[in-house]
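Peer 1: My questions will all concern the structure given below.
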Amino acid sequence: MITKAVIPAAGLGTRLLPVTKETPKEMLPIYVRSRDGRVLLKPILQVIFENLFDAGFREFCFIVGRGKRAIEDHFTPDYSFLDELERRGKLNSVRDLKEFYRRIEKSTIVWVNQPFPRGFGDAVLKARTFVGDDCFLVHAGDALVFSNNNDHLSELLKLQSEYEPESIFLLKIVDDPRSYGVIEVEEDYGEVVKIKNIIEKPEVPPSKLAVIPIYVFDPIIFKALKNTPPGKRGEIELTDAIEKLIKWELKVYAVKPKKGRVWIDVGTPENYWMALNISYKIAREGE
């Protein structure tokens with residue numbers, strides 16, 4: 001069973017300045033529905049952590065950079081703050097935070113610094129010591145999938161166990177793939193496809209199948225990352241390392257898009273606006 005999750009959260013968030021000068025984009029709030037039916041705001045990174053915890057993960061490696069202290073502070077239980085909230089009668093907030101702290105205290109959390117913004121691939125490479133020889137999951141800290149009972153995570157883990165690829169990840173159909181990592185299919189096995197090619201932000205996309213940044217990897221991805229030079233943006237791209245796995249004739253698969261799953265991210269002002277609208281609509285469902 002895979003229990004280790006690597007969560008890169010070191011990006012500068014330059015497209016969201018000036019709000020991200022002091023507030024990491026991964027701490028921007030989205031709407032969620034509490035267990036007792038209330039609609040509230042949580043940092044997207046907290047929602048990601050809680051979803052992964054509920055899916056069975058217990059070891060977490062957060063890759064953070066300069067100016068990300070707010071993330072570590074948020075994931076450090078503060079019981080004196082709970083006492084103050086309780087004194088003020090904010091019992092719902094106390095209950096919500098106690099549940100968050102319970103998950104934290106049942107987890108092993110490691111913080112790794114990425115001192116220079118050298119890309120998503122470099123951030124994953126920083127987790128090499130944490131991962132060891134185990135298969136592991138990578139989940140971007142600024143993107144989230146809404147699905148029924150987080151079945152996108154259970155399905156990803158199930159298919160990884162069945163097919164035993166060196167890499168497997170989620171896909172989404174997009175209208176304009178030029179802003180994403182995009183795949184070309186070699187074989188279709190029903191639930192999954194075998195990848196023939198993967199390109200980061202292609203000028204001429206080979207398909208409309210874009211990569212959702214939630215992956216499971218064999219540790220051989222670290223060898224590929226070490227042998228991957230910076231791309232055209234001057235960063236080490238995780239997609240380039242996955243392409244190297246394909247060239248080494250290793251198995252790289254992806255889970256086909258499923259109806260009803262919704263992908264949001266907070267990387268741009270426009271995407272964050274959509275994330276707020278979508279998450280609010282989902283949080284209000286069932287009222």
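Every number in this text was worked out from the coordinates using simple rules, so none of it is lab data. What you are looking at is a predicted structure, and each value in this text was computed from that prediction instead of being measured. FYI the Cβ positions are ideal-geometry reconstructions off the backbone, even for glycines, and counts take in every protein chain you see.
Peer 1: I want to make sure I understand the PRE zone here: with the label point 7 angstrom from the Cα of LYS158 toward its beta carbon, which residues in the stretch 239-257 have backbone N atoms less than 15 Å away?
Peer 2: Correct set: 255-257.
Peer 1: Arrange the peptides 42-55, 105-118 so that the one whose residues have, on average, the most other Cβ atoms within 10 Å appears first.
Peer 2: 42-55, 105-118
Peer 1: Report, to two decimal places, the Cα Rg of the chain normalised by 2.2 N^0.38 Å (N = number of residues).
Peer 2: Here the answer is 0.99, to two decimals.
Peer 1: Pairing the Cα long axis of helix 238-247 with the longest principal axis of the chain, what angle in degrees results, from 0 to 90 and rounded to the nearest 10?
Peer 2: 30
Peer 1: Once you have a ≥ b ≥ c as the square roots of the Cα gyration tensor eigenvalues for the stretch 1-115, tell me rounded if a/c is under 1.5, and otherwise prolate or oblate according to whether a/b is larger than b/c.
Peer 2: Oblate.
Peer 1: With +1 on each Lys and Arg Cβ and -1 on each Asp and Glu Cβ, how big is the dipole of the stretch 1-147 about its Cα centre, in debye rounded to the nearest 20?
Peer 2: 280
Peer 1: Please report the spacing between the Cα centers of the stretch 175-219 and the stretch 69-116 in Å, no decimals.
Peer 2: 36
Peer 1: What percent antiparallel are the DSSP beta bridges of the stretch 1-147, to the nearest 5?
Peer 2: Of all bridge pairs located within the stretch 1-147, approximately 30 percent are antiparallel.
Peer 1: Now, a different point. Using Cα-Cα distances under 8 Å and only pairs 6 or more residues apart, what relative contact order does the stretch 1-147 have, in percent?
Peer 2: 40
Peer 1: For the stretch 224-287, what is the convex hull volume of the alpha-carbon atoms per residue, in Å³?
Peer 2: Considering the Cα atoms of the stretch 224-287, their hull volume per residue is 129 Å³.
Peer 1: Between helix 91-105 and the chain, what is the angle of the helix's C-alpha long axis to the longest principal axis, kept within 0 to 90° and rounded to the nearest 10?
Peer 2: Once rounded, the angle reads 40 degrees.
Peer 1: Moving on. For the stretch 123-168 and the stretch 3-51, compute the distance between their C-alpha centroids and round to whole Å.
Peer 2: Centre-to-centre distance over Cα atoms comes out at 18 Å.
Peer 1: So what are the ³J(HN,Hα) numbers for the stretch 138-152, from phi and the Karplus equation (6.51, -1.76, 1.60; θ = phi - 60°), rounded to whole Hz, Gly and Pro as x?
Peer 2: After applying 6.51 cos²θ - 1.76 cosθ + 1.60, I find 10, 10, 4, x, 10, 9, 8, 10, 8, 8, 5, 6, 6, 5, 5 Hz.
Peer 1: Got a sec? How would ILE221, ILE71 order by Cβ neighbour count within 10 Å, fewest to most?
Peer 2: ILE71, ILE221
Peer 1: Measure off 7 Å from each Cα along the Cα-to-Cβ vector at VAL185 and GLU22, then give the distance between these two points in nanometres to one decimal.
Peer 2: For VAL185 paired with GLU22, the spin-label model returns 4.9 nm.
Peer 1: Next up: What is the helix-to-structure angle for 269-284, meaning the angle in degrees between its Cα long axis and the longest Cα principal axis of the chain, kept from 0 to 90 and rounded to the nearest 10?
Peer 2: 60
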